[in-house]
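Bear in mind that the values in this text are calculations on the coordinates, not laboratory data. This structure is a prediction, so every number in the text was calculated from the model and none was measured. FYI the Cβ positions are ideal-geometry reconstructions off the backbone, even for glycines, and counts take in every protein chain you see.
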Amino acid sequence: MSEAKGHFERGRWVVDPVPAPEPAKEPAPKTPIVEERTQEAPQPVQKAGSHPPDAHEQIELAARKAGENLERAINAWAESARQGLQKG
């Protein structure tokens, strides 16, 4: 008998086929975590309170940055979900 894996079928040794290797899964793209980004937003806002002339501009800039980061995270998640559905 050979050392190949197999089984007996109707009195004869049948070699089992070698399973095809599974394709490597690509890791999901890293996206900024929404909670981290929302926690970062208050820091510039707090700093802005001590500098009244720049406060409005700093708050607006922090809000825009948080919105952009949130939008990127949502788009990356949606793209990852779309790719997963196409593979499946």
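Structural remarks
- In this structure the amide hydrogen of GLY6, modeled in the peptide plane, comes within under 5 Å of the amide hydrogens of ASP16, none closer than 5 places in sequence on its chain.
- Highest average packing first - 61-72, 9-20, 76-87, Cβ atoms within 10 Å: 61-72, 76-87, 9-20
- Taking other C-beta atoms within 10 angstrom as a stand-in for reagent exposure, ILE59, ILE74 fall in the order ILE74, ILE59, fewest first.
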